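Chemist: Structure in structure tokens, see below.
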Amino acid sequence: MAFNRQKTDELSTHRDRDATPFFAGRVDEIDQFDRALTELGSQPGEQAVFRIYQGAPGCGKTALLHHLRENRADGVVFVNVQERHLSSETALMERDRHVDIEEVPLGKRIVARAVRTLGSRFRVGETAEALSDVIADGAADRIVLYMDEAQSVGPSERPGLAALHRDGIGIPTVCLFTGLGHTANRFRQIEGLSRLAANAIVNMGAMTEQECAESTRKMVGTLGADGDREHAAQVVAKLSLGWPQHLKGAQTALCRELLRTDGDLGQIDYGRVRSESDRNRREYYNARLSASVLGVHRPFTARVVATVQRQQPVDPGDLIGLCEKRLASLQGAYPGLRSVTGKEFANALVERGVLSPRADERYEVAIPSMAEWLAGLIPSPPPA
């Protein structure tokens, strides 16, 4: 197979965060979705089945959602509900009139009716009738209502979400949400959703090294790269540190080298691949802190995170107290942080995906390799 230079060039500049061209792994997460579809046939009253996929930024939540849409479309209609479509009923109906027919598989364009009648802000009063049309017309026998970045669900969506969870809409429906590691906690604060089923929450973390290697094998095979493909797959897998976002960065770096060597893996400078991968990782972590109070003075943020790792605060109140204490110790040293409260700083650590609550509710650094990067930002003490 000849080297596909055009495809390699496309991948070297690929910026689509929604799709993973060489998807691998996530067997347990996919199985949880398949179980949700199976549960639809056994639920009394055909109540909606909830699934919340949560995890740190870059762990592949959106890519998994895209993969499910592409590979679980048989007899299933996926309806995308975004915040801008929930601003008002008029906005949602505009969404209906401008649905691109290419957005849904041929034979499932009836999905527009479902979108139209979802109603403003998850009101579900007339949804069942229209979704019945979807099933009656043979487009699907199951519906998946999905929302990405669900940690941002606001008060106006809460009554409808509670109604979906409590009563369903009389039609087999999976409500699929993806968001940061505190998404389930946000949902539990909604009256009626405090007792989500144990299997409703799917925590996503790192991939295995074998899964990262499998993805890279698919890539170099598709590109027609010549040489030791297994070595390339193993090197990239190690550089990924098990994190999908970093895997993409390492694969991008490999693609750039393949362009330089015209597809010859034997001529790859893996030092350059490693250097670019490390730079991509640093840039990604810096971006997590930017445009927030966390980026005002990064060494201070790093010290706060190091304290969190040592003390392991057990709930939001403990985390806020820890941040307040650290901010008080500054004594005005950093003007940009003088008016910042402990609550604002703690919220930023969680909302920007730096910290995430574990199953036992203690906080930890959301991305393992980020802890090491942050530790490197703390200045060494002067010699005695």
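The values are calculated or read from the model by the stated rules, or taken from the named source; none is laboratory data. Because the structure is predicted, anything quoted here is derived from the model rather than measured. All Cβ positions, glycine included, derive from the backbone under ideal geometry; neighbour counts span all protein chains shown. Side chains included, ligands, DNA and RNA excluded: accessible areas come from the protein's heavy atoms. Shrake-Rupley method; radii C 1.70, N 1.55, O 1.52, S 1.80 Å.
Chemist: Kindly list, by first and then second residue, each pair from a residue in the stretch 337-352 that is touching a residue at least 24 places away in the same chain (Cβ under 8 Å) to a residue that is among the basic types (K, R) and open to solvent by 20 Å² or more (accessible area, probe 1.4 Å), limited to pairs with Cβ atoms under 9 Å and residues at least 6 apart or on different chains.
Modeler: If the second residue must be among the basic types (K, R) and open to solvent by 20 Å² or more (accessible area, probe 1.4 Å), the pairs left are F345/R326; R352/R288.
Chemist: Can you pull out the helices (runs of 4 or more DSSP H) entirely within the stretch 103-189 that have at least 1 residues that are modelled with pLDDT of 70 or more?
Modeler: 158-167, 183-188
Chemist: Report yes if some residue within the stretch 273-283 is within 24 Å of H246 (Cα to Cα), of a type in the set (A, V, I, L, M, F, W, C) and touching a Cys at 6+ places or on another chain (Cβ under 8 Å); otherwise report no.
Modeler: No, every residue in the stretch 273-283 fails to be within 24 Å of H246 (Cα to Cα), of a type in the set (A, V, I, L, M, F, W, C) and touching a Cys at 6+ places or on another chain (Cβ under 8 Å).
Chemist: If you don't mind, another one. Restricting to the stretch 190-202, name every residue that is open to solvent by 10 Å² or more (accessible area, probe 1.4 Å), part of a loop (DSSP other than H, G, I, E, B) and either farther than 23 Å from P57 by Cβ or of a type in the set (D, E, K, R) (or both).
Modeler: E191, G192, S194, R195, A197 - these are the residues of the stretch 190-202 that are open to solvent by 10 Å² or more (accessible area, probe 1.4 Å), part of a loop (DSSP other than H, G, I, E, B) and either farther than 23 Å from P57 by Cβ or of a type in the set (D, E, K, R) (or both).
Chemist: Looking at this structure, is G332 at pLDDT below 90 and in a helix (DSSP H, G or I)? Before the answer, list the steps.
Modeler: Values: at pLDDT below 90: yes; in a helix (DSSP H, G or I): no.
So G332 does not fit the description; no.
Chemist: Looking at (1) more than 18 Å from A371 (Cα to Cα); (2) surrounded by fewer than 16 Cβ atoms within 10 Å (Cβ to Cβ), find the lone condition where I320 falls short.
Modeler: (2)
Chemist: While we're here: Could you tell me whether the stretch 357-372 includes any residue that is open to solvent by 70 Å² or more (accessible area, probe 1.4 Å), outside any helix (DSSP H, G or I) and in contact (Cβ under 8 Å) with a residue 60 or more places away in the chain?
Modeler: Yes, the conditions are met somewhere in the stretch 357-372.
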